[in-house]
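Q: Below: one structure in C-alpha cells.
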4 protein chains.
Amino acid sequence: MKAARLHSYEEDHLHLDDVPEPDLQDPRDVIVRIGGAGLCRTDLHIIEGIWKDIAEPELPYTLGHENAGWVEEVGDGVRSVAPGDAVIVHPLMTCGVCLGCRRGEDMYCENSLFPGLNGEGGFANFLRTSERSLIKLDERLDPKDVAPFADAGITAYRAAKKAASRLDPGSRCVVIGVGGLGHVGVQVLRALCPTTIIAVDTSDESLRLAGELGADELVKSDDNVVEKVKELSDGRGVDAVIDFVAEHGTTEQGPPMLVQGGRYYVVGYGGRVDLAAIDVIFNEIEVIGSLVGNYVELLELMELAAQGKVELRAQTYGLDQINEAIDDFMAGQIHGRGVIVPDGRPA
Amino acid sequence: MKAARLHSYEEDHLHLDDVPEPDLQDPRDVIVRIGGAGLCRTDLHIIEGIWKDIAEPELPYTLGHENAGWVEEVGDGVRSVAPGDAVIVHPLMTCGVCLGCRRGEDMYCENSLFPGLNGEGGFANFLRTSERSLIKLDERLDPKDVAPFADAGITAYRAAKKAASRLDPGSRCVVIGVGGLGHVGVQVLRALCPTTIIAVDTSDESLRLAGELGADELVKSDDNVVEKVKELSDGRGVDAVIDFVAEHGTTEQGPPMLVQGGRYYVVGYGGRVDLAAIDVIFNEIEVIGSLVGNYVELLELMELAAQGKVELRAQTYGLDQINEAIDDFMAGQIHGRGVIVPDGRPA
Amino acid sequence: MKAARLHSYEEDHLHLDDVPEPDLQDPRDVIVRIGGAGLCRTDLHIIEGIWKDIAEPELPYTLGHENAGWVEEVGDGVRSVAPGDAVIVHPLMTCGVCLGCRRGEDMYCENSLFPGLNGEGGFANFLRTSERSLIKLDERLDPKDVAPFADAGITAYRAAKKAASRLDPGSRCVVIGVGGLGHVGVQVLRALCPTTIIAVDTSDESLRLAGELGADELVKSDDNVVEKVKELSDGRGVDAVIDFVAEHGTTEQGPPMLVQGGRYYVVGYGGRVDLAAIDVIFNEIEVIGSLVGNYVELLELMELAAQGKVELRAQTYGLDQINEAIDDFMAGQIHGRGVIVPDGRPA
Amino acid sequence: MKAARLHSYEEDHLHLDDVPEPDLQDPRDVIVRIGGAGLCRTDLHIIEGIWKDIAEPELPYTLGHENAGWVEEVGDGVRSVAPGDAVIVHPLMTCGVCLGCRRGEDMYCENSLFPGLNGEGGFANFLRTSERSLIKLDERLDPKDVAPFADAGITAYRAAKKAASRLDPGSRCVVIGVGGLGHVGVQVLRALCPTTIIAVDTSDESLRLAGELGADELVKSDDNVVEKVKELSDGRGVDAVIDFVAEHGTTEQGPPMLVQGGRYYVVGYGGRVDLAAIDVIFNEIEVIGSLVGNYVELLELMELAAQGKVELRAQTYGLDQINEAIDDFMAGQIHGRGVIVPDGRPA
C-alpha cells in the first residue's frame, strides 16, 4: 500500500512509499481502511523534530493520528465491530487493564501506543489499531468528514465539557482562539450549556466563523482585550476562559478576565502560566489543564456530530497530495482542518 | 472599654486605648463580649502597612479578626442568638442578599465588612458584628480555645475539604507547611478522608507535630524534596498538594510532585506559580486557589472541634500583653497560635 | 386596595374585598405593586380545603403565590432594589440565617412565610414581601409575562436542572406531562443539555406543544407507553424520567422505562411510588424528589427567559375576573397558565 | 481437582466432585488457585432455585463467587499479573469494550460472565477468570482473609462510598443491619467520612459489633425505631439511611427517618419501597439503589483493608466441609462471614 512516511528530521516533507499492509498482531487487533486522516499541527511539529525525543519513533515511519475509515479485518477476539463497519479511531491504543483505563481515562493508560506519533499512523491506505479504540459511525456520518474529531475534536470537546459542567444560565465563557480546536469548542459549548459565549481571536474571519457557529459576542484581540471582555461582563469578569492558544501572550490575558471563583482552562501550549499566588488566592481562581479526550468523550462528540450539532470545517487532499497539504498548512492557507483522503472505499 | 489600636504605620506596636463600647447600628447587629481573639500573620502585615491601600481603614482602629466570645446584646431583629450564648464569629459581615451570599459563598459578598481589617476588630472587650456571622458553640467548647478557627481554621478547612472530596483510598496528599494553618489542615484531612498524608516542612518540630496529628509520612524539606515525595508514591507522584506556604520556593516544588491529573491547592501566598503550559496540559494538572472558608464551612469545622477531631495548639496572652504577643510572634516564639484573652467573662 | 380573598372552605369562590394596603413591618420589607399573579392548581386545592390543616391560614385571607410586579416602597434596610424596579417574587420569605438558607436552599428555611399559602398573597394590588425574595427583571421582561415562573417555573426548572446535570450527548430523557410545569421543563432541558427529549402525554395538543418547544420524540400515553419508550431507546431504556404528573398511573410507568443506572425524578404528586427493592437494586435506579426551586434557580430561569430560551404560554384575567379564571381552570379551559393582572402600572 | 457442585434444585446440598482443572480459553484468561472462597446468602438462594431462571446455569456446576487466591497460570496476552501473585477476584468477567466497561462500571458490562452464578465458580481448587478481574494483594493481606470482600465487601463499600460523598461534619447516617455487609459498611463509613453513625439492628450482638467497629450510636430495632432515631437527631431526622436489609419492614422505617433532602440507600432486598409521591416531594428525599461495586471500588476497599481500616469477621471451613458450612449458615451459626479454604498453597 501507499504510506506517507517521515524519513529524516532534516527534511520538511514526507515520502510516499510503497509499504506492506499492516497485519493483525493480537486477537483484538483491527485493520482499518483509511477513509480520512486529519492533518494536525502536531504533524508539523513531528516533522520539525520537536517530538523526536519525547515519542522516540524509529524512522522511517508513517504519520497521521486523526483517523477514520472502515473495518477491513478483525482478530479472533474482536466482538464489537465487523468488516465493513464505518468507524472513527480513538488515537490511543490502550491496555484496558491499568488503573487509568479502569477509570475510563484512556490518556492515563500506562501501556499505550499512539499510532502516528510513536507507531505507524494513518496517512496510508490501512492502519492497525485495536478493538478498544473503535467507535462505529452513525449512518449519517462519513469517515472523511469526521476524521479530525479523533484528536482535535475530542481535545476541544473535553475542555468545553469540563467548562460547561459549571456554566449555569447567566454565566459567561470566553473562548480564546477559534481555529481547528476552537471552532469545535464553540459548538460544543453551544450544545452543552446556555452560557454566553465570548469568542476572542486576532482574525476577523475566525470571529465571523465563531458567530456563525453560535458565539454570542465577538472580540478582536488586541492590547485592550481584557478590558473589552470585562465590559461585556458588567465589569466583573467571566466565569470561565478556555484558552486554545496558550501562547503569544494569551496566558497573560486569560486569568485577569475571570470573576472571583472563575476557571482558566489551558488547552493550547507554547506559553507559560505565571501568576502571583496572592492573585490565585484572592480571586480564588482555578487553572485547569486539559488533554486529549477519552473514548467516552469521543463517543459523545460523535453523537453531537450525528445530530448535526457540531460540524467540522475541512479541506480535503488525496494521499499523493500530502506534501501540498503540509505546505498549505504551513502557509496558513487551510481554513478549518486539512483531511487526507486516500483512494478506495470498501467494495 | 480597652481596645488595642493601630495609630500609625510608622510604629510596630498597638496602643491600648480607652474607647466607647460599640453599639447596635442595625436591627440584626449583635455585640459580642470577646472571650478570645487570635493573633494572625495578617495582623503583622497590617501593622507593616501592607494592607493600607487594600483595606483602607481609618486610623486609629482596633485590630483582631479571629474572634469568639459571648453574646452581650442583640438588635430587635435578631432571632437566632441571645445574650449569654457562647459564639464564634465568622470574620466577614455579609449582606445576605447578593448573589455570592445566596450561593452560600460568604467571601464573595459584594457588600461586606471585615472587622479588624477595614472596621473595628476584636482586640478589645467588645465587638460589633451581625447575626449572620455567628455560630453558637457546642457546650464542650470554650471561646478562647477556638477563636483562631474563625479565620486560620476555616482557611485550612476549606482547602482540605476541597482536596478531600477527590481523595479516595489509595491516594496520597502532600501538605506543605505545618504551621498555624497547616496543623489544622492535617487534622481536617485526617477527619474527612482516608488519604495517605505526607507532611513537608523545614522544621523537625513541625514535622513531629504533623505526625502526632495524623500525618502518615514526614518529609524534611530540602533541595531533594520533590524526589523524596516521588519515592513515597511509587515514583508516580501524589494526587494532591496543599501548599500552606506558597513562597520561599514551595510553588516550584508543589506542581512537579503531582501524578497525572493531580491538583495543586494554593493557600499561602508571597510566591509565584509559574508553569509551562505544556506541563499543565501533558500532566493535566489543576492549580486551585483557596480563600477563607464560608459560614457553613465554619459550622462544619466547629462540629469537628466539638467531636475532638480537630484541635488548636495555642498560647494565650492578656489584652494588656498584646505587644508582647506581637513581639513573640515576630520572633517566631509562638508555637501554634497566639490568642488574646481580655479580662471578664459573662456574669 | 382590592384583594381576592378566601372567606370559607364551604365556598368554591373568592371574594373581591376592599382591604387596607399592606405596610412595612421590618426594615428589609418591600411592598410590591402586583403586575401579574399566576393562578396555580394549588390555589384550587386551597379553596377545596386540602391545605387547611397544613398551612393553617386565618380566614379570610388573600391567595396568590406566583407574583411579579414593581417595587412600590422599601424599608430602611433595603439596599438591592428601589421603587419602580420591575421584579419577580420568590414565593418564600426566608430568614437568611438558618442552615437551609446558608446553604442556598431557600425551601429548607426553618423560619419561612409563604404568602398566598399561609400569609397574605398576590391576588391584590399590593403585596408585602422581603428584599431577599426579589429578583430585578431584565428590561426585556414584563411582570405579567413571567409571574408563573415564580412557582410553577422554578419547580420545573429545579427538576430539569437536576436531570440535565447528568445527561450527556447520546442520553435520553422522558418528560411525563407537558402541562403548566412540563412545558417549562421541556424548554429548560432543551436549553441546558443535548439529551434526546421524549415527551409523553395523553393529549395530542400537549404533545404538539412539546414538539414546538423542543421535544425530539412525542409519545401518546396509553397502556403500551413503556414499550414505546423502550423502542425509542434501542430496547435499553432511558437515562432519566421526569414525572410532572405522578398520579393516574404514571408512577408505575416511569421506573420501568429506565436503563440500568437511570433516574426517576418525581415532581407531581397524588400517586404512590411502589417498587420491589430487588428492582431498585438490580437496575440500580434512583428515585429523586424535587420541590420548588431556590432563589438562585429562579435567577437562572429568569436569565433563560430574558434570552428567549424559555417562554410561558399564558392567558390573562383582570383581578375582578378572578372567579371566572378559577372556573375556566376547573373546566380545563386554560391553555398554559392563567395570570391575574390587576389594574394599574407604576406612574 | 475437587469442586463443590450443585446437581439438582431438589437437593439442599452440594456434591464434592472430581472434575478436570479449568484451562485457559482466551489469551487474557488466568487460572487462580483458590485460597479462600466466601459463602454468601446468594449461594443459599441458588441452591433453593431462586436464581434458576435468572442466571440459567447448566447443572451440575460449581458455586462460589467471592474468590481470592494465587495466580497459577496466565494466557499469552496477560501482562499485569504473573504466577505466584496473590490476588482477589472481582466477581464479574467483563469485556472491557462496551460502554458500561468504558465508563468504569463493570456491573453494567453487556457481555459479562459471573463465575459461581452462571459459570464455574470458586468452591474448588482452581478457578478460571480473566486478567481484567484481578487485583494483586498487598503483602499484608492473605487470600483467605479477604475473599468475601470480592462481593459482599464491595457491595457494602459502594453504598457507603455513595453515602459518604455527601456526608459532611455534623451529618448523621443510619446503617440498618450490621451483618455480613453492614459490618463492612460501618467500617467504610468510619474510614471515609466524619458522619455520626447510628447503627440499627434487632440483635444485641450485632450492635455490640457495630460499636466496636466505629458506630457512634446503637439503636435496638423495634416498633419505635423511627422515633428513637429522630431523638438522636434533634427531632429533625438523619441525612442518610443505608438499608442493608430492605425486608422485614425496614423499607417502611428507613424513609421516615430522613431529614428534608435526605437519601435512602437500598442495598438489601426482599421488601418493597412504597412511598406517597407527596412525601417524596415535600421532604425532597432520594431513594438510591446500590449494586455490587466495580473494579476500582474493589481496589479502594483492598487499600483500606491493607491499611487495617476495614477488616472482616470470618469463620473458615475446608472445601470438604462445604455442606457443614451451608448448614451452619442456614442455622444462623456463622458470625460474620463463612469462608471455604481448600487445601494447598502455592509451592
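Q: If the elastic network links every pair of Cα atoms under 10 Å, which of B:ALA147, B:ALA331, B:ALA156 fluctuates the most in the Gaussian network model of chain B?
A: Greatest mean-square fluctuation among the candidates belongs to B:ALA331.
Q: Let me ask you something else. Under a point spin-label approximation (7 Å from Cα along Cα-to-Cβ), what is the C:ARG236-A:HIS15 distance to one decimal in nm?
A: Modelled inter-label distance: 4.7 nm.
Q: A further question follows. Could you bin all the Cα-Cα distances of the stretch B:156-289 into 10 Å bins starting at 0 and give me the percent of pairs in each, rounded to whole numbers?
A: 14, 51, 32, 3
Q: Then there is this: Need one word for the stretch C:28-111: rounded, prolate or oblate. Basis is the Cα gyration tensor (sqrt eigenvalues a ≥ b ≥ c); a/c below 1.5 gives rounded, then a/b vs b/c decides. Could the numbers behind the result be given before it?
A: Working: a/c = 2.14, a/b = 1.27, b/c = 1.69.
Since a/c reaches 1.5 but b/c is at least a/b, the shape of the stretch C:28-111 is classed as oblate.
Q: What is the sum of charges around D:LEU209, taking Lys and Arg as +1, Asp and Glu as -1, for the other residues whose C-beta is under 15 Å from the C-beta of D:LEU209?
A: Numbers: positive: D:ARG190, D:ARG208, D:LYS220, D:ARG313, D:ARG337; negative: D:ASP201, D:ASP204, D:GLU205, D:GLU212, D:ASP216, D:GLU217, D:GLU311.
Taking every other residue near D:LEU209 into account, the sum is -2.
Q: Something else: In whole Å, how far is the Cα centre of the stretch C:265-282 from that of the stretch B:71-148?
A: Taking the Cα centre of the stretch B:71-148 as reference, the centre of the stretch C:265-282 is 44 Å away.
Q: Express the accessible area of the stretch B:92-143 per residue in Å², computed with a 1.4 Å probe while the remaining protein chains stay in the model.
A: Working: 1760 Å² over 52 residues.
Result: 34 Å² per residue.
Q: Let me ask something else about it. For the protein assembly as shown, what is the charge dipole size about the Cα centre, in debye to the nearest 20, if Lys and Arg each add +1 at the Cβ and Asp and Glu each add -1 at the Cβ? Walk me through the numbers on the way to the answer.
A: Values: 124 positive and 232 negative charges, 2 e Å.
Magnitude of the dipole: close to 0 debye.
Q: Any idea which of C:ALA199, C:GLY170, C:VAL219 is furthest toward the positive side of the dipole for the stretch C:156-289, if Lys and Arg beta-carbons carry +1 and Asp and Glu beta-carbons -1?
A: The residue sitting farthest along the positive end of the dipole is C:GLY170.
Q: Who wins for biggest fluctuation among D:LEU117, D:LEU44, D:LEU134 in a Gaussian network model of chain D, springs between alpha carbons below 10 Å?
A: Looking only at D:LEU117, D:LEU44, D:LEU134, the biggest GNM fluctuation is shown by D:LEU44.
Q: Less than 13 Å from a label point 7 Å out along the Cα-to-Cβ axis of B:SER8: which backbone N atoms in the stretch B:49-86 qualify, by residue?
A: Taking a point 7 Å out along Cα→Cβ of B:SER8, the residues of the stretch B:49-86 whose backbone N falls under 13 Å are B:60.
Q: Run through the DSSP bridge list for the protein assembly as shown and note the antiparallel percent, rounded to the nearest 5.
A: Values: 134 of 246 bridges.
Bridges in the protein assembly as shown are about 55 percent antiparallel.
Q: Would you mind giving the total buried accessible surface between chains C and B, with a 1.4 Å probe and ligands, DNA and RNA left out, rounded to the nearest 100 Å²?
A: Rounded to the nearest hundred, the buried surface is 1700 Å².
Q: Using Cα atoms only, what is the angle between the long axis of helix A:295-306 and the major principal axis of chain A, expressed in degrees (0 to 90) to the nearest 10?
A: The angle comes out near 80 degrees.
Q: Averaged over C:296-303, how many beta carbons belonging to a partner chain fall within 10 Å of each residue's beta carbon?
A: Numbers: counts 6, 2, 0, 6, 5, 2, 2, 6.
Other-chain Cβ atoms within 10 Å of each residue's Cβ, averaged: 4.
Q: Right, another one. Relative to the first principal axis of the alpha-carbon coordinates of chain C, what is the inclination of helix C:204-213, with its axis defined by its Cα atoms, in degrees from 0 to 90 and to the nearest 10?
A: 80
Q: Can you give me the % of accessible surface on the protein assembly as shown that is carbon or sulfur? Probe 1.4 Å, all protein chains present, nothing else counted. Walk me through the numbers before you get to the answer.
A: Details: 21930 of 50920 Å².
That fraction is 43 percent.
Q: Show me the GluC sites (Glu not before Pro) within the stretch D:106-143 that DSSP assigns to loop and that have at most 15 other Cβ atoms within 10 Å of their Cβ.
A: Details: sites: D:GLU110, D:GLU120, D:GLU131, D:GLU139; in loops: D:GLU110, D:GLU120, D:GLU139.
Counting only loop positions with at most 15 other Cβ atoms within 10 Å, the GluC sites (Glu not before Pro) in the stretch D:106-143 are D:GLU110, D:GLU139.
Q: I've got another one for you. Between D:ALA276 and B:THR316, what is the label-to-label distance in nm when each label sits 7 Å out along the Cα-to-Cβ direction?
A: 5.4
Q: Per-residue Cβ counts within 10 Å, from other chains only, averaged over D:99-107: what number is that? Before the final figure, lay out the partial values.
A: On the way: counts 4, 2, 5, 9, 7, 6, 4, 1, 4.
If you average over the peptide's residues, the count of other-chain Cβ atoms is 5.
Q: Quick check for me: using +1 on Lys/Arg Cβ and -1 on Asp/Glu Cβ, what's the dipole size of the stretch A:65-198 about its Cα centre, in debye to the nearest 20?
A: Working: 14 positive and 16 negative charges, 151 e Å.
Dipole magnitude for the stretch A:65-198 comes out near 720 debye.
Q: Here is a follow-up. Taking chain D as a Gaussian network, Cα atoms linked when under 10 Å apart, which of D:PHE149, D:PHE123, D:PHE329 shows the biggest mean-square fluctuation?
A: Among D:PHE149, D:PHE123, D:PHE329, the largest GNM mean-square fluctuation belongs to D:PHE329.
Q: Scale the Cα Rg of the stretch B:134-223 by the rule-of-thumb value 2.2 N^0.38 Å and send over the ratio, two decimals. Before the final figure, lay out each step's value.
A: Numbers: Rg = 13.7 Å, N = 90, 2.2 N^0.38 = 12.2 Å.
Relative to the rule-of-thumb radius for its length, the stretch B:134-223 sits at 1.13.
Q: Skipping prolines and chain starts, which residues have an amide H placed within reach, meaning under 5 Å, of the one on B:SER290, given they are 5 or more residues away or on another chain?
A: Close amide H contacts, sequence-distant or interchain: B:VAL266.
Q: Averaged across the residues of D:265-274, what count of C-beta atoms belonging to other chains lies within 10 Å of each residue's C-beta?
A: Values: counts 2, 10, 3, 3, 7, 3, 3, 7, 8, 5.
For this peptide, the per-residue mean of nearby foreign Cβ atoms is 5.
Q: Would you check chain A for Lys pairs whose C-alpha atoms are within less than 15 Å, ignoring same-chain pairs closer than 8 in sequence, and give me the count? It would help to have the intermediate numbers written out before the result.
A: Details: A:LYS136/A:LYS144; A:LYS161/A:LYS309; A:LYS220/A:LYS228; A:LYS220/A:LYS230.
Summing the qualifying lysine pairs gives 4.
Q: Could you work out the mean projected area of the convex hull around the alpha carbons of the protein assembly as shown, in square nanometres to one decimal? Write out the running numbers ahead of the final one.
A: Numbers: hull surface 214.2 nm².
For the Cα atoms of the protein assembly as shown, the hull's average projected area reads 53.6 nm².
Q: Which value, in debye to the nearest 20, gives the size of the charge dipole of chain B about its Cα centre, when Lys and Arg are +1 and Asp and Glu are -1 at the Cβ? Walk me through the numbers before you get to the answer.
A: Details: 31 positive and 58 negative charges, 229 e Å.
That gives chain B a dipole magnitude of about 1100 debye.
Q: I've got another one for you. Assuming 1.306 mPa s and 10 °C, estimate D for chain C with Stokes-Einstein, Rh taken as the Kirkwood radius over Cα pairs, in µm²/s. Please list the in-between numbers first.
A: Values: Rh = 20.7 Å.
After rounding, the answer is 77 µm²/s.
Q: In addition: Quick check of the Kirkwood formula: for the stretch A:1-151, what is the inverse mean of 1/r over all pairs of different Cα atoms, in Å?
A: Working: mean 1/r = 0.0645 Å⁻¹.
That comes to 15.5 Å for the stretch A:1-151.
Q: What's the angle, to the nearest 10 degrees (0 to 90), between helix B:182-192's Cα axis and the longest principal axis of chain B?
A: Taking the Cα atoms of chain B, the angle to B:182-192 is about 80 degrees.
Q: Near A:ARG172, within a Cβ-to-Cβ distance under 13 Å, what is the net charge of the other residues, with Lys and Arg +1 and Asp and Glu -1? Write out the running numbers ahead of the final one.
A: Numbers: positive: A:ARG166, A:LYS228, A:LYS230, A:ARG236, A:ARG263; negative: A:ASP168, A:ASP216, A:GLU217, A:GLU231, A:ASP234, A:ASP239, C:GLU303.
Its environment carries a net charge of -2.
Q: Return the percentage of antiparallel bridges among DSSP beta bridges fully within chain A, rounded to the nearest 5 %. Provide the component values of the computation, followed by the final result.
A: Values: 29 of 57 bridges.
Percent antiparallel among DSSP bridges in chain A is about 50.
The values are calculated or read from the model by the stated rules, or taken from the named source; none is laboratory data. Just so we're clear, the structure is a prediction, and the values are computed from it rather than from any experiment. Every residue, glycine as well, gets a Cβ built from its backbone with ideal geometry; the counts of neighbours run over all protein chains shown. Quick note on the areas: whole protein, heavy atoms, side chains included, nothing else; ligands and nucleic acids left out. Shrake-Rupley method; radii C 1.70, N 1.55, O 1.52, S 1.80 Å.
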